[in-house]
Amino acid sequence: MIARLTNSLYVIKSTAFAVVVCAGLFSTTSQAEKKPIDNAKWFHQTQLPDGNAWFNNEQQHYTNRIDNAYISDGTLKIVAQKERFSDQGKTKQYTSARLNSKFAFTYGRVDVRAKLPTGHGTWPAIWTLGKNIKEPGAYWQTQGFGTTAWPACGEIDIMEHWGSRQSFVQSAMHTPSSFGDTVNKGEQYVKTASSQFHIYSMEWSPQQIVFSVDNKVHYRYQPEVQNALTWPFDSAQYLILNLAIEADIYKNFDSAQMEIDYIRVFAVDADRGDQPIWSDEFD
């Protein structure tokens, strides 16, 4: 997500795949009302890290407002809106939300059940960055862990989606060996990506990282040589959920949302049907 050209985790409804290392719940007492995210588990990343803007020529301000990220009817909504908004001395025409997990992990399986937005110029992503990333305003940077520049910290893009390619999702890896560029990647055709929920998964072991949608694998990252250039993935990563707006957003764009039913992190090599170590559930 940082380079296109070029979370602690949460949630539990069932244990269909394995042991949960950490699961987070976007809880709500009233299904009819907007409720804020759990700030004990998630951090709103709002600071502009690239001087006056976000990376990749993103057009939005990320905010910590409930209008841009809230819980209702048992799901998390991340909402991008067209609106004039000023923050940090800069005025932009769009707002959205970017959440960092206050949980970081090394190896395991991540499952995210999500429904994606529609609209040319929308760019939702479910991804991870190294806990050690040196990035102004990132949660783990504020906690004193920011020692390593991107892409040496490693980036795992579990799911990215562009409204200009409505029926495709992509997974990718960003490492120093590719100079941060999107070289190591794979995609899958998902016709109902924006009309139905699908489970986007990443399985991370010391040997490889495998990506799938609804258990159908579309990409496997397994470099022949593992070193700091190809494999900065033996240290903790944290989750990021965001919905960006690209420069080519349609002029008639009003709003769009990424809806997330659950997020689950499972221990590496856990068996199907194992009980979670720690879990929360939507009611």
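We did not get these values from a lab; they are worked out from the coordinates using the rules stated. This is a predicted model, so every value here is computed, not measured. Virtual Cβ from ideal backbone geometry, glycine too; neighbours counted across all protein chains shown.
Taking packing as the residue-averaged number of other Cβ atoms within 10 angstrom, the listed peptides 83-89, 73-79 run from highest to lowest as 73-79, 83-89. For His198, His174, His218, His120, the sequence from fewest to most other C-beta atoms within 10 Å is His120, His218, His198, His174.
For the range 198-256, applying the loop criterion from DSSP together with a ceiling of 16 other beta carbons within 10 Å to the trypsin sites (Lys or Arg not before Pro) yields Lys251.
A simple count of charges around Val190, restricted to other residues whose Cβ falls under 14 Å of its Cβ and scoring Lys, Arg +1 and Asp, Glu -1, yields +2. State whether the range 148-269 is rounded, prolate or oblate according to the following rule on the C-alpha gyration tensor (a ≥ b ≥ c being the square roots of its eigenvalues): a/c under 1.5 gives rounded; otherwise a/b larger than b/c gives prolate, and the remaining case gives oblate. It comes out prolate by the Cα gyration axes.
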